[in-house]
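The values are calculated or read from the model by the stated rules, or taken from the named source; none is laboratory data. What you see is a predicted model, and the numbers here were worked out from it, not measured in a lab. Virtual Cβ from ideal backbone geometry, glycine too; neighbours counted across all protein chains shown. Accessible surface areas use protein heavy atoms only, side chains included; no ligands, DNA or RNA. Shrake-Rupley method; radii C 1.70, N 1.55, O 1.52, S 1.80 Å.
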Amino acid sequence: MAKQLLINDLDKEGIATLAGYKAHGGYAALEKAVKMKPEEVVSEVQKSGLRGRGGAGFPTGMKWSFIAKPPGVPRYLVCNADESEPGTFKDRYLMQRKPHILIEGMIISSFALGANTSYIYIRGEMMYQFHILEKAIQEAYDAGYLGKNILGTGYDLDLYVHPGAGAYICGEETGLIESLEGKRGNPRIKPPFPAVKGVWQCPTVVNNVETLAAVVPIINMTGDEYAKIGIGRSTGTKLISASGHINKPGVYEIELGLPVEEFLYSDQYCGGIRNGKKLKAVVAGGSSVPILPGEKLLKTPKGEPRLMSYESLSEGGFGEGTMLGSGGFIVMDEDTSVVKNLWNFTRFYHHESCGQCSPCREGTGWMEKILHKFLDGHGTMADIDLLWDIQSKIDGRTICPLGDAASWPVASAIRHFRSEFEEYVKNGENMRDIQHYYRVNNLQPA
Amino acid sequence: MPKVTIDGISIEVPEGTSILNAARMIGGEIVPPAMCYYTKLETSGGYCRTCMVKVVKGSEKDPRPMPKLVASCRQPVMDGMEVQNITSPEVVEARAGVVEFLLMNHPLDCPICDQAGECNLQDLGYEHGKDGTRYEFGRREFEKKDIGDKIQLHMTRCILCYRCVKVADQLCPSRVHGVMNRGDVAEISTYIEKAIDNEMSGNMIDVCPVGALTDKTFRFKSRVWFTKPVEAHRNCTKCSGNVRLWFKGEDVLRVTGRKDQWGEVKEFICNECRYDKKNVSDWVIEQPTHVDRHSVISQNHYENLKQMKLDTQRLKAKLPEKKTNGNTK
C-alpha cells in the first residue's frame, strides 16, 4: 500500500470531529510547530520541496519566503478553497471528510508567516463543506487551538471561512482577494504581487487546500523525510481526482512518481477503462491542461514510461506533453468525441470569463460559437485554422491565466485530434447529436 | 533615473514611469495605442490589451526578456529595459488580434454614432486593424439606457474599458456605477437603474473612448467635423472652468473638457459648465483649438494614416509564414 499522508484514517470513526482527529494523531504537528521558531517552520517546508497543489506547482517554501514583512503591517494567509476546475474535486473531499487537517495546517502556516488573521475562501456552491468547516473551526476555538494565546505561546490567530458566490475566476489568487474584500472578483494586474500587496493592500499568501494540509505531515515527519517521498523535484504525495470512463472513479492519494500506466490500470487506483474499451485520451490535470492521446500519455517522447510527477507529465513541452495541474485526471475511452468535449470545456471558459480584458472576453465566446458550428455540421476546414489562430491570440495576452487555460485545450485538441475536426467537416450532418445538448444543458428531451 | 530604450530610441524617465508614458515622452509612431488607460484616473489600464509591447531585456540587473507580451500602460520601466513596439512583428500581429476582438461585437454603427470622427476605436481600427472581420455570428446587443437625465448609455458600443467606472469611483462622491454580469455579457450599469446625479458625472462622456456614453444635449445635433472647437473659460466655483466649446455657426452645440494629444482631458469639468452654459455670453473665448492629427477635422488626416498603414503592411510582409498546426509551443 502506498503511503497516505492526507486521506489516511478516513475509515476511522469521528475523524471529522476534533476528538476523532486528535485520537489519530491530530494536532500533534501543531504542538510541535509552536515550540519551533516561525523561520524554522518555513525552512522545514522549504526542505520538504512541497510544491503548490492548486495547479501551478510553485514551490511553497519559496512563496512563503517572498512575503514582504514591513513593520506594523498585518500579514494574511488565505486558503484557496474555490475549487472549480472541471475534473477536480480533491479539496472538497478533503474538507468534507477531514476538515481538521486543513485547520491544523492553516494554524501552523499562519504561525510560520506571522499572520494573525487567516481566511478560507470557499466556493459558494460548497455550502455543505462550509458548514462542516464552520463547525470544525468552532471546535478548534473551544479547544484553544484558535483565538488568543494559542497553546500558551502568546500567538493569536483568528480563522474565518468566507463563501464566494460561485465564480471560477475567484480561484485566481488576485480575483479571490478582490472577492474576499467584497468587490467584484476581477483579477488584479500584477505587479504588485499578493506577497507585497494582497488582502487590503497588505502582504498575503494564498495557498491551495491540499498544500496547507500537506504542511501537517511535513511538520510531523520533518521536511527531509517528506522530501524522500516522490521523485526528483516532485516530492510528497498528491491527491488525484480520477473521473471519466474508468472502473473506479474517485479521489486517490498517490506518491508522486507513480507510473501513469499503473495509476490507470491497477485495481488499487482507477482499475482500467470501463466496459473493456480502449483508452483514447486523457486530460491529466483538470480541464485547463492540454489533452493528450493515450499513447502519448503512457510514454514520454523518449519512449520511457511516463510518471505522475510535475516533470514527467510536462516532458516534451506542449507539443508532446501536458501538465500535472491540479490533479483532475479525466479519462476518455475510444467512443468519446474530442470535439464535443472541447466544446463543453470552451463553453465553461466562456461562461466563466470575467470580461475584463478583451482577448478572453471576446475570444472565448467566439471559440465556443465556432465549436458549436462544428457540432451542428456546418464547420469548414478554414474554421479549424481560425480556431487555432484565435487561441494563439488569447494565449499569454491576458491579465490572468484564465485566457491561457481557455486556449490550451483548444490548441492541444487541434494538435492531436485534427482528424476529428475534419471528420465533423466532412460528415457533420450525420454526426449531429441533439441528445448531447439535452444532456449538457440538463434538459428533458421534448 | 532609469533609462529605457523603446524601438531603438533611448530616454531617461523618472522612477515608476510606465512604458506607455515613457513612449509618450518620446512621441511619434512608437507610442502604443491605449483604449482603457487614462492618466488622470488611478488604477486604470491593463484591460484592453491594445498597448501590449514586447520586453526583450528586463533591466540592467536582470537582462532576461519577459516571457509574455506586457501591457505597457501598467508595466513600470526598469533601468536598462529594452522594449519593442512597432519593430516587433509579434506585437503588431497581437495588436491586430486585439482590434479584431474589440470590433467583433461592436455594432459598427459609425454612420449614426455621435462619437464618429473623434472615436478612439475608429482610429485604432484604421491604424492597427485588419481590413475585414472573420467573425460571422450575431453581435451582442443591449437596450439603450439613460444614466441620469443628461447621459445616454448605449452598451452595445461599449468596449468595457472601465474608464467610466473609475470616474464614478474617483470623481463622484458616492459610487452608483459599476459593472454587472461577467464575460461577454458584462455591462456597465448603475445600481438598480439608479440615475447618476452628481456634479462630476458628465466626465464619463469625455473619458469614454467610444460612443457608448453620449451627451444627450448634443445627441444627433451635428457631426463633430461640422463643428468648430475653441478654448474658453468662465469663473466656476465647482471646477476650473477651462473648457472647449464646439460651435456650429453662432451656436454652442456642446461643451467638453480640453483634451490633449492622447485624447485625455487635461482637467475634469463640472456638469453645470457642461450642460447648462450654452450661450456665448457665458464664456470668455481664448483661442481656436489646436487640431491634432488624431482629429478627423484635421486636413489630410487619413492621408497620413494611409502612409502609416502602408508601413505596417510592409512590416507584416516580413512576418514568417504562420504554422497552422504549430508543433512548437
Next item on the list: Take B:Met52 and decide whether it is touching a strand residue (DSSP E or B) at 6+ places or on another chain (Cβ under 7 Å), open to solvent by 30 Å² or more (accessible area, probe 1.4 Å) and within 11 Å of chain A (Cβ to nearest Cβ).
Entry: no
Notebook entry, point to check: Which condition number in (1) farther than 24 Å from A:Leu146 by Cα; (2) in contact (Cβ under 8 Å) with a residue 60 or more places away in the chain; (3) open to solvent by 80 Å² or more (accessible area, probe 1.4 Å) is the one that A:Met62 fails?
Noted result: (2)
Next item on the list: Sort out which residues of region A:186-212 are small (Gly, Ala, Ser) and surrounded by fewer than 24 Cβ atoms within 10 Å (Cβ to Cβ), and write them in order of number.
Entry: A:Ala195
Next item on the list: Identify the single condition in (1) in contact with a Lys or Arg (Cβ under 7 Å, 6 or more places away or on another chain); (2) closer than 21 Å to A:Asp82 by Cβ; (3) surrounded by fewer than 17 Cβ atoms within 10 Å (Cβ to Cβ) that A:Glu181 does not satisfy, given that it satisfies every other one.
Entry: (1)
Note to self: Name the single residue that is nearest to the other protein chains (Cβ to nearest Cβ) among those in region A:362-376 being open to solvent by 20 Å² or more (accessible area, probe 1.4 Å) and among the acidic types (Asp, Glu).
What the structure shows: A:Glu368
Item checked: B:Lys68 being open to solvent by 10 Å² or more (accessible area, probe 1.4 Å), within 12 Å of another protein chain (Cβ to nearest Cβ), farther than 19 Å from B:Ile159 by Cα and not in a loop (DSSP other than H, G, I, E, B) -> no
Notebook entry, point to check: Can you name the residue in region B:83-92 that is part of a helix (DSSP H, G or I) and out of contact with any Ser or Thr (no Cβ under 9 Å at 6 or more places or on another chain) and, of all such residues, is farthest from the other protein chains (Cβ to nearest Cβ)?
Noted result: B:Pro89
Notebook entry, point to check: Pick from A:Pro70, A:Pro86: which is of a type outside the set (S, T, N, Q), farther than 22 Å from A:Tyr119 by Cβ and surrounded by fewer than 20 Cβ atoms within 10 Å (Cβ to Cβ)?
Noted result: A:Pro86
Notebook entry, point to check: From the list B:Asp79, B:Asp109, B:Asp123, which residue is open to solvent by 10 Å² or more (accessible area, probe 1.4 Å), away from chain A (no Cβ under 14 Å), touching a His at 6+ places or on another chain (Cβ under 7 Å) and modelled with pLDDT under 95?
Noted result: B:Asp123
Notebook entry, point to check: Does at least one position in region B:44-51 carry a residue that is in contact (Cβ under 8 Å) with a residue 12 or more places away in the chain, in a strand (DSSP E or B) and either of a type in the set (A, V, I, L, M) or over 17 Å from B:Gly16 (Cα atoms) (or both)?
Noted result: no
Notebook entry, point to check: Within region A:218-259, how many residues are over 23 Å from A:Ala33 (Cβ atoms), surrounded by 19 or more Cβ atoms within 10 Å (Cβ to Cβ) and among the β-branched types (Val, Ile, Thr)?
Noted result: 4
Margin query: For the list (1) more than 10 Å from chain A (Cβ to nearest Cβ); (2) buried (at least 20 other Cβ atoms within 10 Å of the Cβ), I need the number of the one condition that B:Val98 fails.
Written below: (1)
Note to self: With the structure loaded, tell me whether B:Val255 is buried (at least 20 other Cβ atoms within 10 Å of the Cβ) and among the aliphatic types (A, V, I, L, M) or whether it fails that test.
What the structure shows: yes
Next item on the list: Please work out which residue is farthest from the other protein chains (Cβ to nearest Cβ), limiting yourself to region A:400-420 and to residues that are within 25 Å of the chain's Cα centre (by Cα) and charged (D, E, K, R).
Entry: A:Asp404
Note to self: Quick test of your reading of the structure: B:Arg157 fulfils all but one of (1) more than 12 Å from chain A (Cβ to nearest Cβ); (2) among the charged types (D, E, K, R); (3) over 15 Å from the mean Cα position of the chain (by Cα); (4) over 20 Å from B:Val4 (Cα atoms). Name the failing condition by number.
What the structure shows: (3)
Margin query: Please count how many residues of region B:7-35 are among the hydroxyl-bearing types (Ser, Thr, Tyr) and in a loop (DSSP other than H, G, I, E, B).
Written below: 1
Next item on the list: State the number of residues belonging to region B:251-268 that are within 16 Å of B:Tyr38 (Cα to Cα), part of a strand (DSSP E or B) and out of contact with any helix residue (DSSP H, G or I) (no Cβ under 7 Å at 6 or more places or on another chain).
Entry: 1
Margin query: Take A:Leu102 and tell me if it is assigned to a strand (DSSP E or B) and either under 25 Å from A:Thr17 (Cβ atoms) or not aromatic (Phe, Trp, Tyr) (or both).
Written below: no
Item checked: Residue match in region A:350-361 (condition: surrounded by fewer than 20 Cβ atoms within 10 Å (Cβ to Cβ), assigned to a helix (DSSP H, G or I) and more than 13 Å from every other protein chain (Cβ to nearest Cβ)) -> no
Notebook entry, point to check: Can you tell me which of A:Pro301, A:Pro290 is without any contact (Cβ under 8 Å) to a residue 40 or more places away in the chain and in contact with a helix residue (DSSP H, G or I) (Cβ under 8 Å, 6 or more places away or on another chain)?
Noted result: A:Pro301
Check: Residue check: is A:Ile137 at pLDDT below 95, hydrophobic (A, V, I, L, M, F, W, C) and crowded, with 16+ Cβ neighbours inside 10 Å?
Finding: no
Check: When only residues in region A:377-399 that are more than 9 Å from every other protein chain (Cβ to nearest Cβ) and surrounded by 22 or more Cβ atoms within 10 Å (Cβ to Cβ) count, which is nearest to B:Gln75 (Cα to Cα)?
Finding: A:Gln391
